[in-house]
1. Out of Glu156, Glu175, which single residue is of a type in the set (D, E, K, R) and under 18 Å from Lys330 (Cα atoms)?
2. Mind counting the residues in segment 131-153 that are out of contact with any Ser or Thr (no Cβ under 7 Å at 6 or more places or on another chain) and either surrounded by fewer than 19 Cβ atoms within 10 Å (Cβ to Cβ) or of a type in the set (Lys, Arg) (or both)?
3. Collect the residues in segment 299-340 that are under 21 Å from Val81 (Cα atoms) and aromatic (Phe, Trp, Tyr), keeping them in residue-number order.
4. Kindly indicate whether Thr133 is within 30 Å of Ala189 (Cα to Cα) and without any contact (Cβ under 8 Å) to a residue 24 or more places away in the chain.
5. What is the one condition in (1) in contact with a helix residue (DSSP H, G or I) (Cβ under 7 Å, 6 or more places away or on another chain); (2) at pLDDT below 95 that Lys321 does not satisfy?
6. Can you name every residue in segment 76-95 that is of a type in the set (A, V, I, L, M) and surrounded by 21 or more Cβ atoms within 10 Å (Cβ to Cβ)?
7. In the list Thr226, Thr292, which residue meets the criterion of being at pLDDT 95 or above and of a type in the set (S, T, N, Q)?
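The values are calculated or read from the model by the stated rules, or taken from the named source; none is laboratory data. Computed from a predicted model, the values in this text were never measured in an experiment. Here the Cβ positions follow ideal geometry from the backbone for every residue, glycine too, while neighbour counts run over all protein chains shown.
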Amino acid sequence: MKPHQTNIYDIAKALNISKSTVSRALTGHAQVSEKTRKAVLELAEKMDYERNMLSINLISRKTNLIGVIVPEFTTSFFPEVVIGLQEKARSYGYNIIISQSDECFATEVENTKIMLSSQVDGVIASLTKDTHTFEHFKIFQRKGIPIVFFNRVCEEMMVPKVVINDYDAALTAVEHLITTGKRRIAHLAGPETLATSKKRLRGYLDALRKHNIDIDENLIIPYDLTVGKVKVHVKRLMKMKQRPDGLFVVNDPAGIEAIQTIKKMNLRMPQDIAIVGFSNDYGSDLIEPGLTTVAQPKKLMGSVAMELLYNLIDKEVSEWKAVTVTLDAKLIIRKSSSLS
């Protein structure tokens, strides 16, 4: 006769607590008190319990895995968000699976399938620049798997989102250029598919209107986030008969490339043209001159996204709330826009 092997049921019965509480204590879940966790671990050791994650997951119907889908890792923005997200996930007793879509819609769709097959307890995602339909994300809702979007969000899905005040930050950035005396300000705009791009463009336009500066459509250049194209766009702007004296770019990689291009044209910053970026990516303070930029609270964004997701796990879909958390960004002034 095969000897009895201690399982979660035995520990739960001995301590007169629920099986889910035992499961959480064994996996380091943050909702379990230190007293209960200690009692469970001590009894498990005493009863020669052999920890089996598969059996824990079958009983609790959870994997303690969170799927994270990001569009790219070429800039420092998404890695920093993930750091904040992972720290918070660990405090809740969760592990994360990370996939990056390489700004490709088809890859993003495949990544959602991987998360489904991995039976994640929830998903945190940011869209690619090419994402145009959202059925691959809506399937999570239908299956009762909570999802939270951050930064690049799906506006048509009623789920939690974490964003920054893109419009206000862009307006502040352009007003900074105006207060330094710049009047002919160009904008290297992001893809029209992204809500972040639209809000930053709107902030740019409203800043000009607020200060009675005419809007010149020739100074607004759509940019598909391919850094190699920045050089072409900037050269075209600087060869205009009436060239711009200010430039607001949709992200820091474009701002850094713009600085390098303008330096090679033997133009001075900020005297000939002042530049403001967006995101405060790694390298924005290392290039000469340092890039004035909008600093986003990246780690906080990841932490808040994980907190929102955690609050949805184990709840019925009818209890989910589509809250949007808007974080503040801050303008950091460097020598690309100011000599002082």
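1. Step by step, each of Glu156, Glu175 is checked, and only Glu175 is of a type in the set (D, E, K, R) and under 18 Å from Lys330 (Cα atoms).
2. Selection size over segment 131-153: 9.
3. Scanning segment 299-340 gives a single hit, Tyr310.
4. Yes; evaluated as a whole, the condition is true for this residue.
5. Status for Lys321: all satisfied but (1).
6. Val81, Val82, Leu85, Ala89
7. Thr292
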